[in-house]
Structures are given as structure tokens and as C-alpha cells.
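The values are calculated or read from the model by the stated rules, or taken from the named source; none is laboratory data. A quick note: this is a predicted structure, and the numbers were derived from the prediction, not measured. Every residue, glycine among them, receives a Cβ derived from its backbone with ideal geometry; neighbour counts consider all protein chains shown. The protein model used for the area step is the full one, side chains on, heavy atoms only, and it has no ligands, DNA or RNA in it. Shrake-Rupley method; radii C 1.70, N 1.55, O 1.52, S 1.80 Å.
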Amino acid sequence: MGKTADLTAVQKAIIDTLKQEGKTQKEISERIGCSQSAVSRHLSGKSVGRKKCGRKRCTTRRGDRTLRKIVEKDRFQTLGDLRKQWTESGVETSRATVYRRVQEMGYRCRIPQVKPLLNQKQRQKRLTWATEKQHWTVAQWSKVLFSDESKFCMSFGNQGARVWRKTGQREMPKCLKSSVKYPQSVMVWGAMSAAGVGPLCFIKGRVNAASYQEILEHFMLPSADKLYGDEDFLFQHDLAPAHSAKTTGQWFNDHGITVLSWPANSPDLNPVENLWDIVKRKLRDARPNTLDELKAAIEASWASITPQQCQRLIASMPRRIEAVISAKGFPTKY
């Protein structure tokens, strides 16, 4: 016969109360639904936790420490890889046990966050740049017109719709989600400042220096007029070839626009990236079916961005700078 459960703290308190009221051990045991011997052991102070029962743990602490080292050596190993290496170290066990031990250690299998791969030179340039801008105020960052391009696809990966279906209905037409190998997509250019966002530009074809200067002429300048009027501003863009071309630099000189120096591979420093994320999250609810619907949904989502949202993002720039400095130039999460 299996062991009965230990008395709970509530049961013990009830036993003490009933005993003070003059109840017998038999009356108490019947009242709380336990054996009379359990009541007697508690009242005599001999009650102790029952000995553990069940199957003995099949791994030792030393073996578990070995598994931890295996996991930390390469975080991208599969469960099968972990089991193979653990077996080679002398611990023979099942995949289920490996999974339980890894869970006990606090590890969870998650989709990895993607960050730019930076070499030592790029990290040093990011650190130097951040150190130079460390004491910039929010007011100074408010003078920057941030810009960026982003690609929007008709398909939104694993974040799409779920379907209710029964067993055997996997191939039912009503339960299928259509997909294409190369989904339709659009490339979009946009700009923002603390005052809000400017007009969007849907880019056709590849962006070269000439087409980028057309974007600057017909979309960046109107954005600056809308957001700054006659006030001076700094323009920010990344180091894409079309952006850093000599003819593009000459275009800025001809128009008297100062360009903010910018470190390579630094999307974490650009608040426009956060706006693209906002727009893409909204598109998951819109679920456009055609390219025209996609463009319309992008424009509507972009137009719904408020100046208050932009102000909060600009206000985050000092924190972004500090994060880069703390990370010694490595990518940060923003």
C-alpha cells in the first residue's frame, strides 16, 4: 500500500484548535479526514515528513553539471545533440530525461533574437561614436531627422492566422493557408523626428545613387519642411552604398543639409526601426491580400503613428547611447 500524504499546515492548525477544545483524537481524525495515528504523532511532536518514494533519480549532480557545460558550450544544439554528447561523457539516459534536466536548469527553447554581426573595427567605431554623443540632450536629438528603408511582404511568417480544425481535416481546403515561394513585397522609405513622421515613399526597383537622390528631393525635403519648417536640422541615414556615394554627398552640399555621422550596422540606434515594427504588427491584423491592399495598409499604419510615440522614441536616444557604451560597442536590444 502506498504512503499517505503528510498533514498540511491547515490540518495541523485544525488539530491544535480541536485539541484545545477538548476533542478526542478519534473525533479529530474523523473531523479532518486523516488517521488517528497521524493526529497522535502530531500532538506528541513525533510527526515528521514521510520518506520520499518513487523512482530514484537516474542522474547524479556531477552528471548534471556536465550537461550544463555541454549546453553552455553551444546554445544552438538540438536535444539529440545534447543527449549524444552527454552519453559520450558517460551518462546514459533518454531524450526525455535530457529535456527535464535542461528545463530544471532554467533553459527554455526559444527563437533566437537576430542582431547584426559586427567585427572588432565596427564595434570600436560604434563605441567611439556613442562616446562622442554621450552628452547629447533630448533637445539635440530632436533636431535629427531619422530615415530608413524597410521591406514589407505579403506573408508574415509564423505570426499569421491560426485555424480551428478537427482530426483528419488537415488537408481540407477551408483549413489550408495559401503560400507562395517568392511572396510579393514592397520596399518603403520613411523619415521621422520628435515632431512626427513624414510622407512614405514606395521604392520601385533597386536603389542606386540617382534614385536615392530622387527620394531625397521628393520625399526627404517635404518631410523636413513638414517637421522642421525653417528650422535647422541634421539628417540621418545609414551607410548603404547609395547613401554614401560621392554624388549623394554632393547633393547634400548643394542643398546645404548637414548629415549626421553614423556607425555601420547600427539599426539598434535608429528609432525608425521601432516604427517599422509598429507598422508590421498592425499589418498582421489587416492581412492584405493584394499588393495594393498591402501598400494601403502600410500607409494607414504609418499615418496612425502619433507625435507622442515619436517623442518617446527620440527621448530613448540617450539610453541607447548608454547601452552601446555599456556593451562595449556590441549590438543592443531596442
**Request:** Please give the FRET efficiency for LYS26 paired with GLN77, using the beta carbon to beta carbon distance and R0 = 41 Å, rounded to the nearest 0.05.
**Result:** 0.10
**Asked** From the square roots a ≥ b ≥ c of the eigenvalues of the alpha-carbon gyration tensor of the range 209-334, which class results: rounded (a/c under 1.5), prolate (a/b over b/c), or oblate?
**Response** oblate
**Fill in**
With Cα coordinates, the longest principal axis of the chain makes an angle with the long axis of helix 61-73, in degrees rounded to 10, of 10 degrees
**Helix axis angle, 291-303 relative to the chain longest principal axis, alpha carbon, degrees** = 80 degrees
**Item:** Cα-Cα P(r), the range 60-111, percent of pairs per 5 Å interval
**Value:** 4, 22, 40, 26, 7, 1, 0
**Request:** Return the single residue from ARG287, ARG312, ARG101 with maximal mean-square fluctuation; model: Gaussian network over the chain, springs between Cα atoms under 10 Å.
**Result:** ARG101
**Message:** Please report the accessible area of GLU171 (heavy atoms, 1.4 Å probe, ligands and nucleic acids excluded) in Å², nearest 10.
**Reply:** 130 Å²
**Accessible area of the chain divided out per residue, in Å², using a probe of 1.4 angstrom** = 66 Å²
**Request:** Compute the distance in nm between two label points, each set 7 Å from the Cα along the Cα-to-Cβ direction, one at THR93 and one at THR167.
**Result:** 3.3 nm
**Message:** Please check: in the Gaussian network model of the chain (C-alpha springs, under 10 Å), which one of LYS121, LYS19, LYS226 has the largest mean-square fluctuation.
**Reply:** LYS19
**Request:** Provide the per-residue ³J(HN,Hα) series for the range 238-251, in order, calculated from phi with Karplus coefficients 6.51, -1.76, 1.60 and θ = phi - 60°, each as a whole number of Hz, with x at glycine and proline positions.
**Result:** 7, 9, 4, x, 5, 6, 9, 5, 4, 5, 5, x, 5, 4
**Request:** Pop out the carbon and sulfur fraction of the accessible area of the range 209-313 as a percent, whole number, probe 1.4 Å.
**Result:** 49 percent
**Complete:** At q = 0.10, 0.12, 0.13, 0.14 Å⁻¹, the log10 of I(q)/I(0) for the chain from a Debye sum over equal Cα scatterers comes to -0.83, -0.98, -1.07, -1.16
**Request:** Past 19 Å, Cα to Cα, is the threshold; run LYS133/LYS328; LYS121/LYS328; LYS204/LYS295; LYS143/LYS204; LYS151/LYS282 against it and keep the listed order.
**Result:** LYS143/LYS204
**Asked** If R0 is 45 Å, what FRET efficiency do you get for SER244 and ASP285 from their C-beta distance, rounded to 0.05?
**Response** 0.75
**Request:** State, as an integer percentage, the relative contact order of the chain based on alpha-carbon contacts under 8 Å between residues 6 or more apart.
**Result:** 19 percent
